[in-house]
Amino acid sequence: MSKVIISVKDLVKKYGSFTAVKSISFDVMEGEIFGLLGPNGAGKSTTLEIIETLRDKTSGEVLVDGCNLDTEAASIKKIIGVQLQTSGYYPGLNLTELIKLFAGLYNREVNPIDLLKKVNLEDKAKNKFKELSGGQKQRFSIATTLINQPKIIFLDEPTTGLDPQARRNLWDLIKNIREQGTTVIITTHYMDEAEQLCDRIAIMDQGKIIQLDSPENMIDKLVATGFERPKQVKAANLEDVFIHLTGREMRDE
Ligand code: ADP
């Protein structure tokens, strides 16, 4: 049985008189891919930024790998990986130089090529960020979360705007990172992605968690209520056609 790596209890966040997060509680287990889903404004970013030590909470308790957010935020920072704002990607530096720069910020020695290999970008080591395709940019952004060899990484809509091949490639990469033992917290608006990737999902709406379960159990629960999808008339969809015609291989290498 795996252990709890993130524990959130009765978390509340108020912005003035508006309560964005309304006393939510949930646990993330070590080694899982945990999805936080919900419409815009649900409170996902607020929740994640509090756990990432980037935003103050109003009340509640957050433990990350046993460290209390109130007293051990510095220890939490050391074991988590967050995607850096692309505005920090100095345009004059290539990928190798950017990794060295970020490693310096974390006070870590990193072999940039080893890290780029993990995300299949070793060929681009001397390229600038702006010279990468959309999928490559996202892969680089994921690489930056791994610089401090974190126990947990946070991925914010990592496949938004990517083509179907690049999305599948990113899914493989994320699964691979999890297989190395890293816990992954991910937000996405793509339900197929959440279904493919996540072991468990919390669905947030208006500051509350309205359901938390595995994708499979969530679907079974809905079906048990008597829900029926409008009849599928075709055995494939347009995405199947696209992948069938263009193949699964990446195009932007
Ligand atoms: P999500 O990530 O699910 O889209 P957010 O956590 O960004 O949701 O926002 C939740 C709610 O809190 C929204 O109504 C948003 O407008 C509000 N909000 C977020 N950040 C601030 C802020 N700095 N000041 C005031 N309200 C905010």
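May I ask you to order 162-168, 88-94, 221-227 by the average number of other C-beta atoms within 10 Å around their residues, highest value first? Don't skip to the answer; put the middle values down first.
On the way: 162-168: 18.3, 88-94: 12.0, 221-227: 9.4.
Per-residue mean Cβ counts within 10 Å order the peptides as 162-168, 88-94, 221-227.
Just round it to a whole percent: the fraction of Cα-Cα distances in the chain exceeding 28 Å. Present the calculation step by step, with values, prior to reporting the outcome.
Details: 12277 of 31878 pairs.
Tail of P(r) above 28 Å: 39 percent of Cα pairs.
Projecting the Cα atoms of LEU132, GLN149, ILE6 onto the charge dipole of the chain (Cβ charges, centred on the Cα centre) puts LEU132 farthest toward the positive pole.
Close amide H pairs (under 5 Å, H built 1.01 Å from N) link VAL21 with LYS13, residues at least 5 positions away or on another chain. Shown in residue order for the stretch 137-142 are the 3J(HN,Hα) couplings computed by the Karplus curve 6.51 cos²θ - 1.76 cosθ + 1.60 at θ = phi - 60°: 4, 5, 5, 5, 4, 5 Hz (x for Gly and Pro). Rounded to the nearest 20, the size of the Cβ-charge dipole of the stretch 126-201 about its Cα centre is 400 debye, with Lys and Arg at +1 and Asp and Glu at -1.
Look at where the Cα atoms of the stretch 66-133 and of the stretch 201-215 average out, and the two centres are 30 Å apart.
Near ILE5, the amide H atoms lying under 5 Å from its own belong to VAL28, MET29, GLU30; only residues 5 or more places off or on other chains count, and H is placed 1.01 Å from N.
Quick note: the coordinates plus some simple rules give every number you see, no bench work behind them. Computed from a predicted structure; not experimentally measured. Positions of Cβ are backbone-derived with ideal geometry, glycine not excepted, and every protein chain shown enters the neighbour counts.
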